[in-house]
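See below for the structure under consideration.
The values are calculated or read from the model by the stated rules, or taken from the named source; none is laboratory data. Keep in mind that this is a model prediction, so the values were computed, not measured. Every residue, glycine among them, receives a Cβ derived from its backbone with ideal geometry; neighbour counts consider all protein chains shown.
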Ligand code: ARG
Ligand code: ZN
């Protein structure tokens with residue numbers, strides 16, 4: 001049942017206009033849709049092809065004439081009407097049941113209000129339609145509903161008219177002036193309130209901005225509003241892109257499959273990415289809200305004005321928009337050090353989530369060649385690796401060159417549905433650069449490995465860097481061709497300063513050069529190099545690859561202390577720590593005694609105490625690589641040994657640096673009113689990291705420190721950090737604190753999610769404890785945020801417990817995948833991904849994982865989950 005990119009054919013008919021009328025009722029919503037269509041002569045297909053999914057077709061008229069079942073063919077959700085004329089009007093009436101819709105795709109009910117989610121193929125759950133992104137049309141939407149139950153009626157675009165219907169019902173008529181694909185359609189109806197603000201756009205036009213939430217949440221919308229305004233300003237500044245509507249709305253909903261959705265003029269958000277105040281949200285929540293509000297807003301141009309021809313091109317809009325939100329967040333911090341911390345965070349996500357995906361059974365190119373269910377392809381590869389691919393254009397072409405490419409992209413394609421190749425062509429044409437080979441980043445899956453070798457010749461004063469590349473096989477792609485890889489490099493002299501770089505035959509640059517690796521192996525020669533340098537490779541992580549170079553311990557410590565590239569200062573520390581962790585893991589496997597040497601703790605101490613460095617940056621250096629990152633470096637993953645090793649290292653560092661951590665804890669207190677700005681949140685991050693190390697010691701002083709912070713915390717960041725320290729300790733106050741936290745925040749679903757998630761990932765939490773938490777009255781498997789906070793947090797965020805030797809974690813996983821899949825295929829299929837890497841574990845574990853996979857595969861499954869487990873079982 002897979003569909004292939006190569007099989008793309010243009011639509012048989014274009015849709016010009018869509019008029020929809022909704023009679024909203026939770027148990028029976030009637031949808032009347034009038035669409036005008038026009039034959040597309042580029043297509044050989046003569047029938048009108050409409051898609052429907054779980055909708056009852058009440059009646060269908062063609063040019064005013066009722067069609068009978070003999071006039072069309074309806075099979076597997078595809079409705080084909082043979083038509084002979086070029087212009088037609090279809091009237092389609094459907095009946096749907098939003099209250100029974102637990103998939104959260106199409107029209108559904110959450111807390112008594114109506115919401116929609118149509119990307120990717122949800123519109124077909126509302127009506128029969130040519131539901132494909134290359135069919136763009138102009139929409140007018142009439143909403144009718146009970147006035148008291150649904151006082152607010154919203155859809156895309158501008159409100160044209162509203163009024164009373166006399167029978168206790170009312171209506172609102174909306175018109176979207178821009179043509180759009182059906183996946184950007186949205187409606188919201190219910191009891192909602194909004195914070196609003198009118199701003200002047202760069203051109204002088206006014207725009208009305210609104211953030212809609214449930215009653216009682218208006219004290220949590222300011223940050224989303226600020227983030228929206230900042231996003232609008234940023235896109236005007238950085239890319240010359242202005243808001244094209246008079247009205248822009250954000251609506252928060254508590255039941256949502258993903259983060260948020262960029263529906264034209266009516267963005268719908270998971271509450272998690274809207275609601276914030278110091279009482280309920282952490283610094284990370286504040287940063288995430290800013291990023292997601294930015295992301296959805298930026299889609300207005302990269303996604304909506306220019307959209308995707310087909311879903312294989314998903315990264316065209318997602319990779320580009322993630323890159324834009326990353327740059328936005330970095331610019332909001334402003335400082336070089338802040339930018340580096342943001343970059344480090346983004347690279348961490350890539351390494352923790354995307355590298356494993358790229359090495360597992362679901363590996364796929366940034367532009368996939370096939371899929372069974374498109375919902376399964378909203379992945380870290382499409383989003384985060386896609387963003388890295390976009391970033392590489394900027395690295396290769398420069399900021400100005402990238403902007404020229406963007407300008408040309410909009411000039412050529414505004415109002416169109418296009419392909420990833422069109423973006424590359426615009427970048428290439430605007431800059432006069434041949435980017436043919438760059439295409440392989442879109443077509444080949446897998447994380448490339450680049451090995452560097454260097455040699456210095458004192459007599460000729462030359463320094464050679466030889467880079468060779470390879471890429472492991474991925475499903476369906478045994479052999480890979482060479483990638484076009486930008487490798488940013490600097491050379492440090494013995495005082496730690498950047499050398500002036502002179503590449504053979506080229507003009508000198510100070511600092512960083514971008515080497516362009518295009519063959520399997522290439523040597524780059526630097527001339528006039530007066531002494532043996534220390535190379536700083538892949539600065540700012542200039543390509544999504546693994547770079548291997550045989551650094552000595554001294555070189556890494558030197559880079560950690562001196563590199564002008566803050567990312568690589570961090571990277572050097574991570575390389576050192578990774579070596580130790582791998583060595584400790586191997587000792588743990590052999591039950592050898594574990595020990596650490598002075599060198600690592602000295603380097604880390606130096607960074608911890610270097611007050612010239614921003615606290616936020618110091619925090620990233622002192623944070624050890626995650627267990628999942630270490631796991632990816634092993635031929636056979638041993639979760640228990642990794643866990644033992646990492647805990648041992650943290651404990652040893654806590655002992656060795658205790659006084660330093662205590663000093664950092666004291667020096668980085670924030671005073672006064674809470675503010676989520678980068679400086680304050682950086683201080684809290686370092687202070688709370690110090691607390692977490694001190695808590696490793698699990699003694700009375702550590703308990704007292706955590707308890708004291710818990711008792712006086714005036715913000716959720718400090719509260720969560722101290723609760724987490726307590727929850728992972730033997731502190732006498734642990735149970736009381738957890739109970740107190742629950743009763744303090746019982747009324748705040750997003751905080752109760754944190755409460756579940758903190759316990760799900762606590763060291764002492766085993767499967768039995770998770771099962772017990774599932775019986776808690778506040779737990780509900782139907783709410784995706786809640787399911788993620790407990791079930792996903794345990795399966796993905798507590799590896800040593802999930803991979804318990806008796807296989808109990810896998811039995812639990814299988815049960816939950818089956819249960820979730822029946823309710824909500826997207827969420828079920830997401831959990832199904834937790835066993836992606838089963839082939840990497842020891843045979844005893846593999847066997848148990850295999851049994852769990854088989855058990856899931858034998859159940860009655862959605863095509864979403866079926867695709868994931870089928871691919872996992874096929875892994876070799
Ligand atoms: N386009 C949305 C975003 O990136 C994500 C929507 C995904 N929806 C889905 N059902 N898979 O912001
Ligand atoms: Zn997006």
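Couple of notes before you dig in:
- Scanning the stretch 109-123 for residues being surrounded by 24 or more Cβ atoms within 10 Å (Cβ to Cβ) and more than 15 Å from residue 266 (Cβ to Cβ) gives a total of 0.
- Single residue of the stretch 270-286 satisfying the filter (in a helix (DSSP H, G or I) and in contact with a helix residue (DSSP H, G or I) (Cβ under 7 Å, 6 or more places away or on another chain)) that is farthest from ligand 2 (Cβ to nearest atom): 283
- Residues being touching a strand residue (DSSP E or B) at 6+ places or on another chain (Cβ under 7 Å) and either within 11 Å of ligand 2 (Cβ to nearest atom) or modelled with pLDDT under 95 (or both) - total across the stretch 296-307: 2
- Residue within the stretch 212-219 that is surrounded by fewer than 23 Cβ atoms within 10 Å (Cβ to Cβ) and part of a helix (DSSP H, G or I) present: yes
- A single entry from 626, 616, 631 fulfils the requirement of being surrounded by 20 or more Cβ atoms within 10 Å (Cβ to Cβ) and under 15 Å from residue 577 (Cβ atoms): 631.
- Checking residue 340 against (1) over 24 Å from residue 607 (Cβ atoms); (2) away from ligand 2 (no atom under 16 Å from the Cβ); (3) crowded, with 22+ Cβ neighbours inside 10 Å, the condition it does not meet: (1)
- Exactly one residue out of 237, 242 is surrounded by fewer than 24 Cβ atoms within 10 Å (Cβ to Cβ), without any contact (Cβ under 8 Å) to a residue 40 or more places away in the chain and either under 17 Å from residue 301 (Cβ atoms) or out of contact with any strand residue (DSSP E or B) (no Cβ under 9 Å at 6 or more places or on another chain) (or both), and it is 237.
- Selection status of residue 417, away from ligand 1 (no atom under 14 Å from the Cβ), under 30 Å from residue 837 (Cα atoms) and more than 16 Å from the chain's Cα centre (by Cα): no
- Residue that is surrounded by fewer than 21 Cβ atoms within 10 Å (Cβ to Cβ) and either over 18 Å from residue 27 (Cα atoms) or modelled with pLDDT under 95 (or both), where the choices are 89, 148, 102: 89
- Test set (1) within 16 Å of ligand 1 (Cβ to nearest atom); (2) closer than 25 Å to residue 409 by Cα; (3) touching a residue at least 60 places away in the same chain (Cβ under 8 Å); (4) surrounded by fewer than 21 Cβ atoms within 10 Å (Cβ to Cβ) - residue 374 fails condition number: (2)
- For residue 82: the one exception among (1) farther than 30 Å from residue 364 by Cβ; (2) surrounded by 12 or more Cβ atoms within 10 Å (Cβ to Cβ): (2)
- Only residues that are without any contact (Cβ under 8 Å) to a residue 40 or more places away in the chain and at negative phi were counted across the stretch 26-68, and they come to 16.
- Within the set 586, 519, 542, the sole residue that is part of a helix (DSSP H, G or I), under 29 Å from residue 356 (Cβ atoms) and modelled with pLDDT of 95 or more turns out to be 586.
- Residues that are within 12 Å of ligand 2 (Cβ to nearest atom) and touching a residue at least 24 places away in the same chain (Cβ under 8 Å), drawn from the stretch 308-325: 308, 314, 315, 316, 318, 319, 320, 321, 322, 323, 324, 325
- Close pairs (9 angstrom Cβ cut-off, 6 or more residues apart or separate chains): farther than 21 Å from residue 121 by Cα in the stretch 75-101, at pLDDT below 95 anywhere: 82/46; 83/46; 84/46
- Top-ranked residue of the stretch 122-138 - restricted to ones that are in a strand (DSSP E or B) and more than 21 Å from residue 5 (Cβ to Cβ), ranked as nearest to ligand 1 (Cβ to nearest atom): 129
- Exclusive hit being within 24 Å of residue 480 (Cβ to Cβ), in a helix (DSSP H, G or I), in contact (Cβ under 8 Å) with a residue 12 or more places away in the chain and more than 16 Å from ligand 1 (Cβ to nearest atom), set 402, 423, 410: 423
- Residues of the stretch 15-59 classified as in a loop (DSSP other than H, G, I, E, B) and either surrounded by 20 or more Cβ atoms within 10 Å (Cβ to Cβ) or touching a strand residue (DSSP E or B) at 6+ places or on another chain (Cβ under 7 Å) (or both), total: 7
Okay, residues lined up against (1) under 19 Å from residue 490 (Cβ atoms); (2) out of contact with any helix residue (DSSP H, G or I) (no Cβ under 8 Å at 6 or more places or on another chain):
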site	(1), (2)
569	yes, no
573	yes, no
578	no, no
596	no, no
612	no, yes
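- Condition met for residue 309 (closer than 21 Å to residue 366 by Cα and away from ligand 1 (no atom under 12 Å from the Cβ)): yes
- Near pairs, Cβ below 7 angstrom, 6+ apart or cross-chain, from the stretch 294-307 (at positive phi and in contact (Cβ under 8 Å) with a residue 24 or more places away in the chain) to any residue that is in a loop (DSSP other than H, G, I, E, B) and within 11 Å of ligand 2 (Cβ to nearest atom): 303/262
- For the stretch 245-266, the set of residues classified as within 9 Å of ligand 1 (Cβ to nearest atom) and free of Cβ contacts under 8 Å to residues at least 60 places away in the same chain consists of 259, 260, listed by residue number.
- Flag if residue 254 is within 16 Å of ligand 2 (Cβ to nearest atom), in contact with a helix residue (DSSP H, G or I) (Cβ under 8 Å, 6 or more places away or on another chain) and over 17 Å from residue 302 (Cα atoms): no
- Residue identified as modelled with pLDDT under 95 and more than 14 Å from ligand 1 (Cβ to nearest atom) among 334, 360: 334
- Residue within the stretch 608-622 that is part of a helix (DSSP H, G or I), out of contact with any strand residue (DSSP E or B) (no Cβ under 9 Å at 6 or more places or on another chain) and under 28 Å from residue 360 (Cα atoms) present: yes
- Lone unmet requirement of (1) within 15 Å of ligand 2 (Cβ to nearest atom); (2) surrounded by fewer than 24 Cβ atoms within 10 Å (Cβ to Cβ); (3) closer than 27 Å to residue 823 by Cα for residue 291: (3)
- Of the residues making up the stretch 105-121, those that are part of a loop (DSSP other than H, G, I, E, B) and out of contact with any helix residue (DSSP H, G or I) (no Cβ under 7 Å at 6 or more places or on another chain) number 2.
- When the stretch 405-432 is filtered for residues that are surrounded by fewer than 18 Cβ atoms within 10 Å (Cβ to Cβ), touching a helix residue (DSSP H, G or I) at 6+ places or on another chain (Cβ under 9 Å) and over 23 Å from residue 133 (Cα atoms), only 429 remains.
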